[in-house]
Amino acid sequence: MAIENPSREEIGAILNKAKRIAVVGLSDNPAKASYQVSKVMQDAGYEIIPVNPAVDNVLGVKAVASLKDIQGHVDIVNVFRRSEQLFDVAKEFDEIDADIYWAQLGLANEEAYQFLKEKGYTVIMDRCIKIEYAMTR
């Protein structure tokens, strides 16, 4: 099964509905893409939840060590981890109350994609949430 993302219109609808984005691998280094992308999304009004056991807080928000440490519903889990780590994140994603699994631009893993699609989740891979947000406004 090939990875097939939702249409741009569907992605726009997802981003219009979403309020909380958990960012797995969010760095506290302003030079990193994860920081820059998350800052844009935070400035656009989204609640950003940093998921990184190696940092205390990012963008003024206390970081959590794992997705399972997040209280309440998560609309999008945005993943900044190497492609080979996406399946492990997908398994943890399946254990929490979240709607959309989103792997950033350049990241894809067919095993993670199939695992989540078989469970009925919406999965987006190899797309930048910041770019998609800009293109769907």
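The values are calculated or read from the model by the stated rules, or taken from the named source; none is laboratory data. Predicted model, so just to flag it, every value in this text is computed and none were measured. Glycine gets a Cβ as well: all are built from the backbone with ideal geometry, and neighbour counts include every protein chain shown. Quick note on the areas: whole protein, heavy atoms, side chains included, nothing else; ligands and nucleic acids left out. Shrake-Rupley method; radii C 1.70, N 1.55, O 1.52, S 1.80 Å.
By DSSP, the beta bridges lying fully in the chain are antiparallel in about 10 percent of cases.
Subtracting the Cα-Cα distance of LYS117 and ASP28 from 0.36 nm times their residue separation leaves 28.9 nm of extension gain. For segment 8-56, the Cβ-based charge dipole about the Cα centre amounts to some 80 debye (Lys, Arg positive; Asp, Glu negative; other atoms uncharged). Close Lys pairs in the chain (alpha-carbon distance under 17 Å; sequence gap of 8 or more, or different chains): 9. For segment 1-117, the per residue solvent-accessible surface stands at 49 Å², with DNA, RNA and ligands left out and a 1.4 Å probe. Here the contact order of the chain, divided by its residue count and restricted to Cα pairs under 8 Å and six or more residues apart, works out to 26 percent.
Among residues other than VAL24 whose Cβ falls under 11 Å from its Cβ, what is the net charge (Lys/Arg +1, Asp/Glu -1)?
-1
Under 20 Å from the 7 Å Cα→Cβ point of GLU110, by amide nitrogen: which residues of segment 77-99? Flagged as within label range: 82-91. The Cβ shell under 13 Å around VAL79 holds other residues with a net charge of 0, Lys and Arg each +1, Asp and Glu each -1. Quick one: net charge around GLN104, please, counting Lys, Arg +1 and Asp, Glu -1 for every other residue with C-beta under 15 Å from its C-beta. Cβ neighbours under 15 Å give a net charge of +3. When the Cα positions of VAL79, ILE96, LEU116 are compared along the charge dipole of the chain, VAL79 comes out farthest toward the positive end, with charges on each C-beta of Lys, Arg, Asp and Glu.
For segment 49-137, the list of GluC sites (Glu not before Pro) that fall in a loop by DSSP and count at most 16 other C-beta atoms within 10 angstrom reads GLU95. The dipole here belongs to the chain: it is taken about the Cα centre, uses +1 on the Cβ of Lys and Arg and -1 on the Cβ of Asp and Glu, and is about 440 debye. For segment 32-137, the direction-averaged projected area of the alpha-carbon convex hull comes to 6.6 nm².
Using the Cα centre of the chain as origin and beta-carbon charges of +1 (Lys, Arg) and -1 (Asp, Glu), tell me which of ILE14, VAL61, MET125 is placed farthest towards the positive end of the dipole. It is VAL61, whose Cα lies furthest towards the positive end. Using the basic label-point model (7 angstrom from Cα toward the beta carbon), what is the ASP126 to GLN71 distance in nanometres? Each label point is offset 7 Å from its Cα along the Cβ direction, giving 4.0 nm. The three principal axes of the Cα atoms in segment 54-105 give end-to-end lengths of 27, 23, 16 Å, sorted in falling order. Computed over segment 29-71, the P(r) tail beyond 13 angstrom holds 53 percent of alpha carbon pairs.
Quote the FRET efficiency, to the nearest 0.05, computed for GLU47 versus MET135 with a Förster distance R0 of 25 Å and r equal to the Cβ-Cβ distance. Working from the Cβ atoms, E equals 0.70.
The slack between ARG82 and ALA13, meaning 0.36 nm per residue of separation minus the straight C-alpha distance, is 22.1 nm.
Taking amide hydrogens as placed 1.01 Å from N in the peptide plane, the amide H of LEU107 sits under 5 Å from those of ASP126, ARG127, each at least 5 positions away in sequence or on another chain.
Calculated [222 nm] ellipticity per residue, helices only, for the chain: -9500 deg cm²/dmol; basis is -39500 (n - 2.57) per DSSP H run with n ≥ 4, divided by all residues, nearest 500.
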